[in-house]
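S.K.: Dumping the structure here so I can ask a few things about it.
The values are calculated or read from the model by the stated rules, or taken from the named source; none is laboratory data. Remember, predicted model here, so these are calculated numbers, not experimental data. Neighbour counts run over all protein chains shown; Cβ positions are idealised from the backbone, glycine included.
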Amino acid sequence: MFSSVLLVAVCCVLGILGGKLLHLPSSAFLGSLLVGLNTLWAIPYQLEVPQWLYTLGLLLVGISIGVQFDWQNACKLWKAIIIDVGLVLVLIIACFGVGYQFHNFTQVDLITCVLSLTPGGIEAMIATVNELGGDTGLVLAIQLTRMLTIILVVLGLTTLIVKRRKHTKVISK
């Protein structure tokens with residue numbers, strides 16, 4: 001345990017110094033992450049870090065981010081936060097409404113319908129439906145269909161936008 005903690009500490013110090021030397025954005029975090037990943041890939045055994053040390057590390061990362069905010073920045077972000085919270089609430093209500101209508105139309109249980117149509121991580125939706133006793137297969141199928149549709153639509157839209165921009169640049173010259 002002591003050697004694992006010592007190795008993690010060395011990775012952190014080397015990562016902070018290397019991140020600053022390489023002028024990485026968020027150098028302490030990215031530098032330590034890169035050094036830690038390379039070290040974990042290189043050593044033949046698995047490190048064991050106590051849970052309290054992991055929690056302390058997360059607390060220190062949170063504090064280091066939090067102290068960078070000042071009242072002026074918080075006031076600038078307040079309007080965006082209110083808009084984001086409002087949009088999230090509208091999205092939740094809309095997803096519940098669509099899930100409820102899907103439930104009425106298909107007679108599939110409400111939990112499965114709502115979690116199938118709720119945006120978010122597939123892993124979280126599968127874990128939730130598994131805990132609540134819904135149809136895991138249906139949730140997985142609909143979530144994967146949603147994700148693939150988004151990927152294909154974004155790919156198509158991106159291609160269309162790039163072609164239009166190139167076309168307008170050629171015309172304007």
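S.K.: Test Gly156 against the criterion of being farther than 15 Å from Phe96 by Cβ, modelled with pLDDT of 85 or more and assigned to a helix (DSSP H, G or I), and give yes or no.
M.R.: Considered against the rule, which asks whether it is farther than 15 Å from Phe96 by Cβ, modelled with pLDDT of 85 or more and assigned to a helix (DSSP H, G or I), Gly156 comes out as no.
S.K.: Just give me the residues in segment 8-29 being surrounded by fewer than 16 Cβ atoms within 10 Å (Cβ to Cβ) and either assigned to a helix (DSSP H, G or I) or modelled with pLDDT under 80 (or both), in sequence order.
M.R.: If the condition is that a residue be surrounded by fewer than 16 Cβ atoms within 10 Å (Cβ to Cβ) and either assigned to a helix (DSSP H, G or I) or modelled with pLDDT under 80 (or both), then Ala9, Val10, Val13, Leu17, Lys20, Leu21, Pro25, Ser26 are the ones that fit.
S.K.: All but one of (1) loosely packed, with under 11 Cβ neighbours inside 10 Å; (2) without any contact (Cβ under 8 Å) to a residue 12 or more places away in the chain hold for Ala124; which doesn't?
M.R.: Answer for Ala124: the failing condition is (1).
S.K.: Is it the case that segment 60-80 has a residue that's charged (D, E, K, R), within 30 Å of Ala141 (Cβ to Cβ) and in the same structural domain as Leu138 (by TED's automatic domain parsing)?
M.R.: Taking every residue of segment 60-80 in turn, none turns out to be charged (D, E, K, R), within 30 Å of Ala141 (Cβ to Cβ) and in the same structural domain as Leu138 (by TED's automatic domain parsing).
S.K.: List the number of the failed condition for Val88; all other conditions in (1) within 22 Å of the chain's Cα centre (by Cα); (2) farther than 26 Å from Met147 by Cβ; (3) hydrophobic (A, V, I, L, M, F, W, C) hold.
M.R.: (2)
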